[in-house]
1. Can you name the condition, by its number, that Ser67 falls short on among (1) in contact with a helix residue (DSSP H, G or I) (Cβ under 8 Å, 6 or more places away or on another chain); (2) crowded, with 17+ Cβ neighbours inside 10 Å; (3) of a type in the set (Ser, Thr, Tyr)?
2. Any idea which of Thr128, Thr85 is touching a residue at least 60 places away in the same chain (Cβ under 8 Å) and hydroxyl-bearing (Ser, Thr, Tyr)?
3. For segment 70-109: of the residues being within 20 Å of the chain's Cα centre (by Cα) and charged (D, E, K, R), which is surrounded by the most Cβ atoms within 10 Å (Cβ to Cβ)?
4. With the requirement that a residue be out of contact with any strand residue (DSSP E or B) (no Cβ under 7 Å at 6 or more places or on another chain) and either of a type in the set (D, E, K, R) or over 25 Å from Gln97 (Cβ atoms) (or both), what does segment 49-67 give you?
5. Which one is modelled with the highest pLDDT, of the residues in segment 146-165 that are part of a loop (DSSP other than H, G, I, E, B), open to solvent by 40 Å² or more (accessible area, probe 1.4 Å) and of a type outside the set (A, V, I, L, M, F, W, C)?
6. When only residues in segment 34-57 that are closer than 22 Å to Gln140 by Cβ and touching a residue at least 24 places away in the same chain (Cβ under 8 Å) count, which is most open to solvent (accessible area, probe 1.4 Å)?
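The values are calculated or read from the model by the stated rules, or taken from the named source; none is laboratory data. The structure displayed is predicted, hence computed values, not measured ones. Cβ placement follows ideal geometry from the backbone for every residue including glycine, while neighbour counts extend to all protein chains displayed. Accessible surface areas use protein heavy atoms only, side chains included; no ligands, DNA or RNA. Shrake-Rupley method; radii C 1.70, N 1.55, O 1.52, S 1.80 Å.
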Amino acid sequence: MNDLDGPSGTADSARMWITAVPAFDPDDVGVLLAVDTQSQDPGERMVCVLLNRGHEGEAGVFYLLPSDLSARYERMGDRLAVSVTAFRKVLVDDLAQFSDSLLEHLAGLARDPADDDRVLLLRREIVTDFVPVEQDGEKQPVLVLDHMAGPAALTELFSRFAQGDASIGVLHADRGTDAVEAGP
């Protein structure tokens, strides 16, 4: 865990923030995940591959179909977790075009406990009292900012986005479940 204070004043998980995104409404706070396009982690690299399936909405914002890539919120006490998942079949189709070993790593990824046809690509947690807003029965989307390798502060990531060196994907978020803590 990273103990740096984030914009919300809570401790941030590595590359997960509760913040407003300057390119959108500066007063609209949401969950932002950063993924490293140069990562050696197979799940994170697969997220980057699937971000290329996005359809551009607002300038620089790419929306993804829930069948391509989606996120799920879960609350566990004072922690908010975000899991990013994809259908195994979508990954097989997209990864087949690559000559590296990403397709070989697919078999080693954990299945999504909520859906056997999906695999878990990425999971991050943060200590926060933030609760994602629901509108028309749908959870607030998760924003994913892709960037080049190297540690980067949130302000640096936004700067990279403004310069065109990073892009933001908007992931549909499932409701998930709230974990129940066992009593004494």
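1. (2)
2. Thr128
3. The selected residue is Arg72.
4. Residues satisfying the conditions are Arg53, Glu58, Ala59.
5. Gln163
6. Applying the filter and picking the extreme gives Arg53.
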